[in-house]
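What follows is a short report on a single structure.
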Amino acid sequence: MAVDITEHPQAPPISELQEFTLVPVGREEIEARRADGASLDEVNLRESRDDVYVELDPDPTERGPHDDIGTALYRLVQLFGTPNVPGYDAGDDLSERDDTTFKYLFRLVNGADEEDRTLPDEWLVTAYDWHTELGVGVAGWDDETDPTTYEGAVELVSMALVTNVVTEPVQCVYKDKWY
């Protein structure tokens, strides 16, 4: 079920909502930034806002199709490959982690015309598991952007876009059959 944010009071114009691209940040770029001493600061939108939510299937044990955190990870892997943030690789030592077992870092690129744009050209977004649910955050490198400066529409668009990516099935062909 797609999330429609057009009625939300902080939603940007509809013309701008059509022009976003979610691009995974290269693992090499993340590693290089960390090697240069930069750290990634994040704001967990599920914790910082009380007017946004992610609706995944509440009971994945029931029969039928489900949108749970496993399905969300599966769809992210389908689209973008394995998680790109170092330290969240399958088989890594988990002893230092709290409750996050995978994390993706994306650059959200705004492709709307300059004169119609109300949101930044681009910003960083994270998708991860948060208490076995989908976590979404706005992010920034500590030497560039403070993610706490993002408000309203940036947070709303980030949350809706990541939610739609993980809850909408991706059509694909395998051995000449549609899935």
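The values are calculated or read from the model by the stated rules, or taken from the named source; none is laboratory data. All values derive from a computational prediction rather than experimental measurement. Positions of Cβ are backbone-derived with ideal geometry, glycine not excepted, and every protein chain shown enters the neighbour counts. Please note that ligands, DNA and RNA were not included when accessible areas were found on the heavy atoms of the full protein model with its side chains. Shrake-Rupley method; radii C 1.70, N 1.55, O 1.52, S 1.80 Å.
Observations on the model:
- Residue within segment 36-51 that is modelled with pLDDT under 80, over 17 Å from residue 127 (Cβ atoms), open to solvent by 50 Å² or more (accessible area, probe 1.4 Å) and of a type in the set (Asp, Glu) present: yes
- One residue from 76, 134, 161, 105 being more than 20 Å from residue 16 (Cβ to Cβ), part of a helix (DSSP H, G or I), among the hydrophobic types (A, V, I, L, M, F, W, C) and touching a residue at least 24 places away in the same chain (Cβ under 8 Å): 76
- Candidate set: segment 98-122, residues that are aliphatic (A, V, I, L, M) and in contact with a Phe, Trp or Tyr (Cβ under 8 Å, 6 or more places away or on another chain); chosen: the one surrounded by the fewest Cβ atoms within 10 Å (Cβ to Cβ): 109
- Residues that are under 16 Å from the mean Cα position of the chain (by Cα) and not in a strand (DSSP E or B), drawn from segment 31-45: 45
- Within segment 1-23, the only residue that satisfies the criterion of being surrounded by 16 or more Cβ atoms within 10 Å (Cβ to Cβ) and within 16 Å of residue 84 (Cα to Cα) is 22.
- Within segment 123-142, the set of residues being farther than 12 Å from residue 40 by Cα and open to solvent by less than 70 Å² (accessible area, probe 1.4 Å) comprises 123, 127, 128, 129, 130, 134, 135, 136.
- Residue match in segment 75-89 (condition: aliphatic (A, V, I, L, M), at pLDDT below 80 and open to solvent by 30 Å² or more (accessible area, probe 1.4 Å)): no
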